[in-house]
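What follows is one structure encoded as structure tokens, with my remarks underneath.
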Amino acid sequence: MQGNRLVFDAVILAGGRSSRLGGVPKQSLMFQGETLLERAVAAADGARRTVIVGDGETLAGVARTRGPLTGEAGAPTLLTCREEPPFAGPAAAIAAGLAALSGMGEGAPYCLVLACDMPLAARAVAVLKDALEQPTGPAGGAGVMACAEDGRMQPLAGFYSTHELRKSCQDLASRNALVNGSVRSLLASLDVQLVTVPAGSTSDVDTWDDAAALGIAAGSQRVGQDRRTGGANVGGTS
């Protein structure tokens with residue numbers, strides 16, 4: 001990137017079933033005074049446009065807390081959409097997010113893909129951005145993916161080439177493999193660079209035990225959230 005500021009859009013996944021949380025939507029759980037969704041949007045700070053893939057109430061909730069949703073020219077900077085059919089898995093959700101961004105004009109060179117259930121993800125995003133902004137850039141040019149110190153990859157915390165990601169979505173769709181497809185299948189053809197991120201920065205909330213480990217208590221939910229919609233995970237609908 002030759003030291004230039006990274007130009008990117010962001011797709012935030014917030015539309016799973018949260019089945020292992022008893023249907024309590026991950027996006028509405030509170031961590032240090034903010035919902036997990038609000039923290040995810042904040043982690044994507046600097047994005048030219050951010051699209052939240054989830055139900056319509058998700059955008060309304062963020063709008064109430066984050067102020068203006070349009071840029072200087074009046075174009076929306078925070079959007080919402082839904083994969084079709086609903087709960088069709090993260091690959092379909094990413095494709096829906098990219099389609100929503102395409103509807104706003106030419107896409108940014110890179111797209112941050114981020115699940116809404118990692119309350120400390122801002123730390124990982126900062127390290128990933130730094131890796132992309134280095135003069136040499138990522139190996140292969142297809143992007144960077146977060147990797148924990150123990151070697152566990154987190155594909156739902158990564159910056160990916162928008163062009164390559166769209167091609168992969170089109171390929172899966174052509175093989176009827178997009179609906180209920182996994183992120184791993186979507187990214188299989190992308191030559192991405194793994195980047196080790198700070199400890200705990202990709203810890204996610206799939207179960208109440210996960211929530212407790214992060215200091216999120218059962219019942220710490222933003223009042224008024226729709227309990228029928230939840231967060232996102234790599235494999236599909238939990």
Completion exercise
Net charge near Leu172 (other residues with Cβ under 15 Å of its Cβ; Lys, Arg +1; Asp, Glu -1) is 0
Exercise for the section: Give, as a single signed number, the net charge of other residues whose beta carbon lies under 14 Å from the beta carbon of Gly107, with Lys and Arg counted +1 and Asp and Glu -1. Expected result: +1
Completion exercise
For Thr35 the rounded accessible area (nearest 10 Å², probe 1.4 Å, non-protein molecules ignored) is 10 Å²
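Determine the sum of side-chain charges near Arg5: Lys and Arg each +1, Asp and Glu each -1, restricted to other residues whose C-beta is under 12 angstrom from that of Arg5. Present the calculation step by step, with values, prior to reporting the outcome.
Working: positive: Arg48, Lys129; negative: Asp130, Glu133.
So the surrounding residues net to 0.
Taking a ≥ b ≥ c as the square roots of the Cα gyration tensor eigenvalues, with a/c under 1.5 meaning rounded and otherwise prolate when a/b beats b/c, else oblate, which class fits region 98-212? Kindly include the intermediate steps, with their values, before the conclusion.
Working: a/c = 1.74, a/b = 1.24, b/c = 1.40.
Since a/c reaches 1.5 but b/c is at least a/b, the shape of region 98-212 is classed as oblate.
The values are calculated or read from the model by the stated rules, or taken from the named source; none is laboratory data. Here the structure is a predicted model, which is why all the values come from computation and not from measurement. Here the Cβ is made from the backbone with ideal geometry for all residues, glycine too, and neighbour counts use every protein chain on show. Keep in mind that these areas ignore ligands, DNA and RNA; they rest on the heavy atoms of the full protein, side chains included. Shrake-Rupley method; radii C 1.70, N 1.55, O 1.52, S 1.80 Å.
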